[in-house]
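Colleague: Below you'll find the structure I mean.
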Amino acid sequence: MSVPVALLLFAGGFALTVASSVVLARELDRIGERLGFSEALLGIITALGADAPEIASAVAAIVAGHEDTGVGVVVGSNVFNIAGLLGVSALIAGPVRIHTHGLALTGGVAVAVAVIVGLVALLALTPYVTVSALHARARARLPAFLQAAVAEEQQDARRDEFASPATAVDALAVVPALAAVVGGAYGMVAAAQSLGDRWNVSDLVIGALVLAALTSIPNLIAAVRLARHGRGAACVSESLNSNNANILVGLCIPALILGLGSVSGIEVFAACWMVGMTAVVVALGFGGGLTRREGVAIIALYVAFVVVVATA
């Protein structure tokens, strides 16, 4: 593949993937409204649609035999999400306020998922999604701590606008939107691999730094908007739940089916850095939220990650 063709394919694949993910997230949101999902479950479902570029790129890379690129997309996206969705949001919008109970629930699950991958990740996420989906009457049977945590999650998940309930057209639109996301991601990955081979760039750098950052842009835009509207807990929830989805759908499920082969030292470093940044952000959040100073510190951690991966 020539350089001009690869660049055009990469740009076209990126544009198609991002645009289709916006449509997919909107349609899933409307379908959730029609089915009567709770606000927290709606947030999780919509996040899956917004995460589609990251997940599709990781899966496409693994299926194509570029396991290092696929791992890099997941790990790099998660590190970028923490730095971008939380660090940049705190820097732009000022303090990102977070409720303690909700942070303990969402942050605890995020750290657990970041540390424990594979089937245990599924076991960690399943009860979390189940509890988050409960409506007020069902939540009354939960322990007091979980009632408070889920209530705060429900409150902070409320959007500034509400999607209209889905029609048959919305349900039918999910399939082509998902197909476009997957097709665009496959083209983008193929073009990136071709350019990487030509310019002697490692698969991990392509995945962790290039594809990860570009495919996370829709989430970054949404997070900054949430933070500017004073919805700090929703911003944190989006970042951490996005990371959970990336690990489970973009990495664990393909790994269980296809395997990932051997793991390099730099991949171990990247995974440890992801876990460490997740724990740091959750710990900082317990101080009452993320200030601009803490936002700068989080971004600095990402810069250090980029430098190490790029020079490895």
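The values are calculated or read from the model by the stated rules, or taken from the named source; none is laboratory data. This is a predicted model, so every value here is computed, not measured. When we count neighbours, we look across all protein chains shown, and the Cβ atoms used for this are built from the backbone with ideal geometry, even at glycine.
Colleague: Going by what's in this entry, would A270 be described as buried (at least 20 other Cβ atoms within 10 Å of the Cβ) and either under 29 Å from V23 (Cα atoms) or not hydrophobic (A, V, I, L, M, F, W, C) (or both)?
Modeller: Details: buried (at least 20 other Cβ atoms within 10 Å of the Cβ): yes; either under 29 Å from V23 (Cα atoms) or not hydrophobic (A, V, I, L, M, F, W, C) (or both): no.
No; evaluated as a whole, the condition is false for this residue.
Colleague: Of the residues A110, A104, A138, which single one is over 21 Å from the mean Cα position of the chain (by Cα) and modelled with pLDDT under 80?
Modeller: Values: A110 fails: over 21 Å from the mean Cα position of the chain (by Cα); A104 fails: over 21 Å from the mean Cα position of the chain (by Cα).
Of A110, A104, A138, the one residue that is over 21 Å from the mean Cα position of the chain (by Cα) and modelled with pLDDT under 80 is A138.
Colleague: Does V201 qualify as being among the β-branched types (V, I, T), farther than 15 Å from I55 by Cα, surrounded by fewer than 24 Cβ atoms within 10 Å (Cβ to Cβ) and in contact (Cβ under 8 Å) with a residue 60 or more places away in the chain? Before the answer, list the steps.
Modeller: Values: among the β-branched types (V, I, T): yes; farther than 15 Å from I55 by Cα: yes; surrounded by fewer than 24 Cβ atoms within 10 Å (Cβ to Cβ): yes; in contact (Cβ under 8 Å) with a residue 60 or more places away in the chain: no.
No: the conditions fail for V201.
Colleague: With respect to the numbered conditions (1) of a type outside the set (D, E, K, R); (2) under 30 Å from A310 (Cα atoms); (3) crowded, with 19+ Cβ neighbours inside 10 Å; (4) at pLDDT 90 or above, which one is the sole condition not fulfilled by A180?
Modeller: Result: A180 fails condition (2) only.
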